[in-house]
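Participant: My questions all concern the structure below.
The numbers here are math on the coordinates, done by the rules we state, and not lab data. These numbers come from a predicted model, not from an experiment. Because the Cβ atoms are built from the backbone with ideal geometry, glycine has one as well, and the counts that use them run over all protein chains shown.
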Amino acid sequence: MKPTLLILAAGMGSRYGSLKQMDGLGPNGEAIIDYSIYDAVRAGFGKIVFVIRHSFAEPFKAHFKPEKFGGNVKFEFVYQELDYLPEGYTVPEGREKPWGTNHALMMAADVIHEPFAVINADDFYGKESYEVMAEYLKSIEGTKGKYCIIGYLLKNTLSDFGTVSRGVCKLDADHYLTGINERTSIGPVGDKIMYQDNGQQFEVDPDSFVSMNFWGFTPEYFDYSEELFKEFLDETAASKNLKAEYFIPYAIDKLVARKQASVKVLECGAKWFGVTYKEDRPFTVDKINKLIEAGVYPQKIWQKTL
């Protein structure tokens, strides 16, 4: 069975200033998602699932039609909204912020029943990363609790135009996660890389492996996610934190600590880049053009048979 690619595309791109998931960065108006799907299909993925919002479903469905991609891949669309909560829970008064990446992932539980990878819609992960991920997912089919993540060095994932959030990985000698800490407002301060926590700044190693949200799971992860989301909701209700998000690293950190899962950190030669801010756009366009010039991608990707 071919693995599935789950694309988290429900974010509105508040720092970017527009719906960046659909921004045409390639020479023919290709978005980053187009290149992600192209890389995934040629690496052996058989289905693409989008997590979106109802408010922009129409342009997504108009752009991502099976015939555009040569009929080589199946598409599914699922939706993330603030009030999509487990039975017995309601949105706290005053809550406006979305629930985060692991909540988005949960929306696909009814349409994914095979090993799957998770990516952000606005991150360019590189051809080799999909090949490495597909190989690992095929190797864990039929197992439970053997997850993975593509690891990137923190220093190679920063933006020149503002701070970023990253899940900083802690590894054992065999490259398995022992924990992951979500760090926010990461950026250079002098000659150091710092993050913020409760208004204070702390240094972080620039050679740390970080999560760029490229994960690999088997389908029982949806069950774990449901139970951990209830824990998260109880915690945030107790603390009255209306801005806390249910990130994938939150769930992973608890599963690893409880020895319910192992997470292999996979390395590859791919280079990550993305468009966190509008100012990142020219750099991203230039990187795509250079990859086309190097022969990694054709000039018109969807005119090539995969």
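Participant: Only four residue types carry charge here, +1 at the Cβ of Lys and Arg and -1 at the Cβ of Asp and Glu. Report the dipole size of the chain about the Cα centre in Debye, rounded to the nearest 20.
Facilitator: On the way: 35 positive and 43 negative charges, 127 e Å.
So the dipole magnitude of the chain works out to roughly 600 debye.
Participant: While we're on this one: Taking the highest mean first, how do the peptides 161-172, 70-81 order by number of other beta carbon atoms within 10 angstrom per residue? Each step should come with its number before you reach the end.
Facilitator: Details: 161-172: 17.9, 70-81: 15.8.
Ranked by mean Cβ neighbours within 10 Å, highest first: 161-172, 70-81.
Participant: Output the Kirkwood hydrodynamic radius of the chain, Cα pairs only, in Å rounded to one decimal. Display every interim value, and only then the final one.
Facilitator: Details: mean 1/r = 0.0503 Å⁻¹.
Mean inverse Cα-Cα distance, inverted, gives 19.9 Å.
Participant: Roughly speaking, what is the stretch gain from Asp207 to Lys240, that is 0.36 nm per residue apart minus the C-alpha to C-alpha distance, in nm to one decimal?
Facilitator: Here the segment from Asp207 to Lys240 would lengthen by 8.4 nm.
Participant: Picking from Ala294, Val263, Thr276, whose Cα lies most toward the positive end of the charge dipole for region 229-306 (charges on Cβ: Lys, Arg +1; Asp, Glu -1)?
Facilitator: About the Cα centre, the residue reaching furthest to the positive side is Ala294.
Participant: A further question follows. Multiply the residue gap between Phe161 and Glu231 by 0.36 nm, knock off their C-alpha separation, and tell me the result in nm, one decimal place.
Facilitator: So the extension gain works out to 21.7 nm.
Participant: What full-extension length gain, to one decimal in nm, is calculated for Glu114 and Glu293 as 0.36 nm per residue of separation minus the Cα-Cα distance?
Facilitator: Here the answer is 60.9 nm.
Participant: Can you return the aspartates and glutamates within cross-link range of Lys138? Criterion is Cα-Cα under 20 Å, with same-chain partners fewer than 8 residues away left out.
Facilitator: Asp39, Glu114, Glu128, Glu220, Glu267
Participant: Students often forget the sequence filter, so: which lysines lie under 26 Å Cα-Cα from Lys290 once same-chain residues fewer than 8 apart are removed?
Facilitator: Once the sequence-local lysines are set aside, what remains near Lys290 is Lys20, Lys68, Lys127, Lys155, Lys271, Lys278, Lys300, Lys304.
Participant: Shifting gears a bit: Would you please put 227-240, 209-222, 25-38 in order of how densely packed they are, using the mean number of other Cβ atoms within 10 angstrom per residue and starting with the highest?
Facilitator: The most tightly packed comes first, giving 209-222, 25-38, 227-240.
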